[in-house]
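What follows is a short report on a single structure.
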Amino acid sequence: MTKIFQIETFSTFQVYNNENVCEKGDFNMQRNNYGRPAGPSGRKRRVKKRRRTIRPRAIVLGVVILIIVAIAIGWKSLSQSSTVEEDQTDQQSVGQSEQSDSSVDEDVQQSEPSADGNAQPSETAVDGAASDSEPDIEVVDGLTYVNGILIANKSYSLPADYNPGVLPEAQSAFDEMAEGAAKDGIKLYIASGFRSYDYQAGLYQRYVERDGAEMADTYSARPGHSEHQTGLAFDLNEISDAFAGTPEAEWLAEHAHEYGFIIRYPADKEDITGYSYEPWHVRYLGKEIAEKVYESGLCLEEYLGIDSVYAD
């Protein structure tokens, strides 16, 4: 009995010891690198430690990135501001230079008449002709230019010795206009072109003798005041009221400006031009100015802001 008991005891002990050994081995295998036992509490501590390590670094990195971005934006804004200021300064300098050059050019142009009898006006003077500003009036060798346009009317006269004949540019423009009219079945020809001072003096005197001075002044210019003396005006086809309403008169009214001419004395403008309606009388201004006068619906005096009244 004693031996049997000892054997059972030993076996039990061995089994107990074996269980201890297994549990101890398992325990050692589950230990982590830090010597702490694995398990929920161990992981939780490890995660918390990692978060504490990563979060400050992320914050520092984020702050650094924001600083770099802010510096970059500030530098870019400063550069753009400097560039804009430099551009504005350059533009102001260029503008002042151009304005100065324009003033010099305007003085030179106004004092030098062109081949067609018109002084070369500055662009501002021509474009602002119908504005509220005062007209730019200049007299060169006895010839009056208003905004660069040679003027002869009741207020402004020509020298008695001014005798240019028909100016080539006006003649060329008429030839072109007559050719254009012919394509539309309209025949145009010059009935009266250039008139000298002396010729106009004799013509006007004959009208005065026939109709009296007051009546003559409504349809005929005094010597020195006739547009025909400029070499830029023509009476076309029939010089009488019978020309009004004809296909030729209607074509002229609609197309003359396309060739650089205007109807110089339009209807319903007698009080302004000083002359009765003359649908046959055209004045050469050049295509650009003629287009502007036509589009304005004004007579030349209105467009330039001048009058047409004899001094006596």
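Laboratory data are not the source of any read-out in this text; all were calculated from the coordinates shown. This one's a predicted model, so the numbers in the text were calculated from it and none came from an experiment. Positions of Cβ are backbone-derived with ideal geometry, glycine not excepted, and every protein chain shown enters the neighbour counts.
A compact table of results
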| read-out | value |
| --- | --- |
| Total formal charge among the other residues, if their Cβ is under 12 angstrom from that of Tyr310, Lys/Arg +1 and Asp/Glu -1 | -2 |
| FRET efficiency, 1/(1 + (r/R0)^6) with R0 45 Å, evaluated for Val139 and Glu250 via beta carbons | 0.75 |
| Net +/- balance of residues flanking Ala191 in space, Cβ distance below 11 Å, scoring K and R +1, D and E -1 | -2 |
| Extension gain from Arg210 to Ile239, taking 0.36 nm per residue of separation minus the Cα-Cα distance | 8.7 nm |
| Set Lys154/Lys183; Lys154/Lys187; Lys187/Lys287 screened for pairs whose C-alpha atoms are more than 26 Å apart | Lys154/Lys183; Lys154/Lys187 |
| Mean Cα-pair separation over length for the stretch 123-304, i.e. relative contact order, pairs under 8 Å, 6 or more apart, % | 21 |
| Most to least packed among 224-233, 261-270, 133-142 [average Cβ atoms within 10 Å] | 224-233, 261-270, 133-142 |
| Segments 67-73, 244-250, 178-184, 286-292 sorted - mean Cβ within 10 Å per residue, highest first | 286-292, 244-250, 178-184, 67-73 |
| Label point distance in nm, Lys183-Val64, each placed 7 Å from Cα along Cα→Cβ | 7.9 |
| Three-way shape label, the stretch 125-237, alpha-carbon gyration tensor, a/c 1.5 | oblate |
